[in-house]
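The values are calculated or read from the model by the stated rules, or taken from the named source; none is laboratory data. All figures in this text were calculated on a predicted structure; none of them were measured in a lab. Cβ coordinates were reconstructed from backbone atoms using ideal geometry, including for glycine residues, and neighbour counts include every protein chain displayed.
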Amino acid sequence: MSMRVKTGIYGLDPLLGGGFLPNTVNVVLGTTGVGKTLFSLHYAFEGLKNGENCLYISFDMNENEILKTARSMGWDVDKYVNEGSLKVRKFVVEDITFLNNELLSFIFNNVSGRTRIVIDSFTPLVSTHDYSVRKDVNWFFERLREVGTTVITLEEPLSGNIDYPHILMPVFLGDSLIHMKKLGYGDVLDRIIRILKHRNSWHAEGVFPYKILKGLGIVVDSKNYVERLERKVELREVLSDEEIENLPEELLERIKLALEDNVYNEREVVSLVKWVIECYLSSNRS
Ligand SMILES: Nc1ncnc2c1ncn2[C@@H]1O[C@H](COP(=O)(O)OP(=O)(O)OP(=O)(O)O)[C@@H](O)[C@H]1O
Ligand SMILES: [Mg+2]
């Protein structure tokens, strides 16, 4: 298993199979107030604590406002600004033809070592565009992947309708998609988070409640799910000796991959693998 880039968000990394894959662009989608900026800061703070560098690009808030939000959570990010490992830059949308040189040079002149890049939010960059700039977004994501591991946030309309090119483009082109949602039903049904895709990786299915707590930031309640998944399943638990003898080597290898690849093996994997064998046997009988 490749090294993961931990979000640092409690309860979320296990749902991603350990974190993001390195050199990917990861999308966090949500309506106003769900915690996209806190997610971004949490992700940045996690890297900074581990000696990584972070470039934080904002279109709404200036450096002071971003740092104020971090301070309000009790996170001492100022020292990383002083050290130079955290660079925050506000860009003004009006000045930006798509991906202007200033933005690109800010990113590519400042990357060094292991770098986390945050764009909070990506929406102003593409909000007036249609699918014709898809190749530009694709090009930009490719460059981002070369230099670091990126989180971009996307603004979901309050109507919940995301069927617009400027939302779907980054959603389709990103390597992972995390959806944060405020239901407003209070308690466990107030805020929920789910992972909709994670290219080249396992990810958890389903929705998970989360809370925003001063100091701890975003905390995802995935305890029951993670505990249920924790045990690794052995080949011998799924297949009898006789089956191992009789199945073709090629199928056995693929079954082994299915059991090993996932960081967490769902119990359902056992019954699915048994079902695969039944399918194999019945297709061979007929
Ligand atoms: N110190 C805190 N303690 C508890 N909750 C907090 C704290 N700071 C922020 N929050 C919660 O986080 C929410 C805002 O989070 P955030 O600014 O990350 O959202 P956003 O998705 O970026 O929204 P926006 O559309 O404004 O960009 C607040 O509405 C509040 O509920
Ligand atoms: Mg925000």
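Things to note:
- Considering segment 244-273, the residues that are modelled with pLDDT of 85 or more and of a type in the set (D, E, K, R) include one that is farthest from Arg199 (Cα to Cα), namely Glu245.
- Screening Ser2 with (1) at pLDDT 95 or above; (2) among the hydroxyl-bearing types (Ser, Thr, Tyr); (3) closer than 26 Å to Leu259 by Cα gives one miss only, at (1).
- Residue that is nearest to ligand 2 (Cβ to nearest atom), among those in segment 145-159 that are over 13 Å from Ile119 (Cβ atoms) and either touching a Gly at 6+ places or on another chain (Cβ under 9 Å) or without any contact (Cβ under 8 Å) to a residue 24 or more places away in the chain (or both): Glu156
Residues checked against (1) among the charged types (D, E, K, R); (2) closer than 17 Å to Phe20 by Cα; (3) more than 16 Å from ligand 2 (Cβ to nearest atom); (4) touching an Asp or Glu at 6+ places or on another chain (Cβ under 6 Å):
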{"site": "Val34", "(1), (2), (3), (4)": "no, no, no, no"}
{"site": "Thr37", "(1), (2), (3), (4)": "no, no, no, yes"}
{"site": "Ser58", "(1), (2), (3), (4)": "no, no, no, yes"}
{"site": "Trp75", "(1), (2), (3), (4)": "no, no, no, no"}
{"site": "Lys79", "(1), (2), (3), (4)": "yes, no, yes, no"}
{"site": "Glu83", "(1), (2), (3), (4)": "yes, no, yes, no"}
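- Helices (runs of 4 or more DSSP H) enclosed by segment 81-155 - at least 3 residues per element that are under 22 Å from Gly35 (Cβ atoms): 123-126
- Only a single criterion out of (1) in the same structural domain as Arg145 (by TED's automatic domain parsing); (2) under 24 Å from Leu177 (Cα atoms) is not satisfied by Lys6, namely (1).
For (1) of a type in the set (A, V, I, L, M, F, W, C); (2) touching a residue at least 12 places away in the same chain (Cβ under 8 Å), each residue gets a yes or a no:
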site: Glu65; (1), (2): no, no
site: Ser85; (1), (2): no, yes
site: Val92; (1), (2): yes, yes
site: Asn100; (1), (2): no, no
site: Leu103; (1), (2): yes, yes
site: Thr115; (1), (2): no, yes
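- Residues located in segment 101-128, provided they are within 21 Å of Met169 (Cβ to Cβ), away from ligand 2 (no atom under 16 Å from the Cβ), modelled with pLDDT under 90 and surrounded by 13 or more Cβ atoms within 10 Å (Cβ to Cβ): Leu103, Val126
- Helices (runs of 4 or more DSSP H) enclosed by segment 211-250 - at least 2 residues per element that are in the same structural domain as Leu41 (by TED's automatic domain parsing) and more than 16 Å from ligand 2 (Cβ to nearest atom): 223-229
- Test: residue in segment 77-92 that is within 25 Å of Met180 (Cα to Cα), at pLDDT 95 or above, surrounded by 17 or more Cβ atoms within 10 Å (Cβ to Cβ) and within 16 Å of ligand 1 (Cβ to nearest atom): yes
- Close Cβ contacts (under 6 Å, 6 or more residues apart or on different chains) running from residues in segment 30-47 that are β-branched (Val, Ile, Thr) to residues that are more than 9 Å from ligand 2 (Cβ to nearest atom) and not in a helix (DSSP H, G or I) comprise Thr31/Glu156; Thr31/Leu158; Val34/Met180; Val34/Lys182.
- Segment 9-29: number of residues that are away from ligand 1 (no atom under 15 Å from the Cβ), in contact (Cβ under 8 Å) with a residue 12 or more places away in the chain and outside any strand (DSSP E or B): 11
- Screening Val118, Val133, Val151 for residues that are closer than 23 Å to Tyr225 by Cβ and in the same structural domain as Ser58 (by TED's automatic domain parsing) leaves exactly one candidate, Val151.
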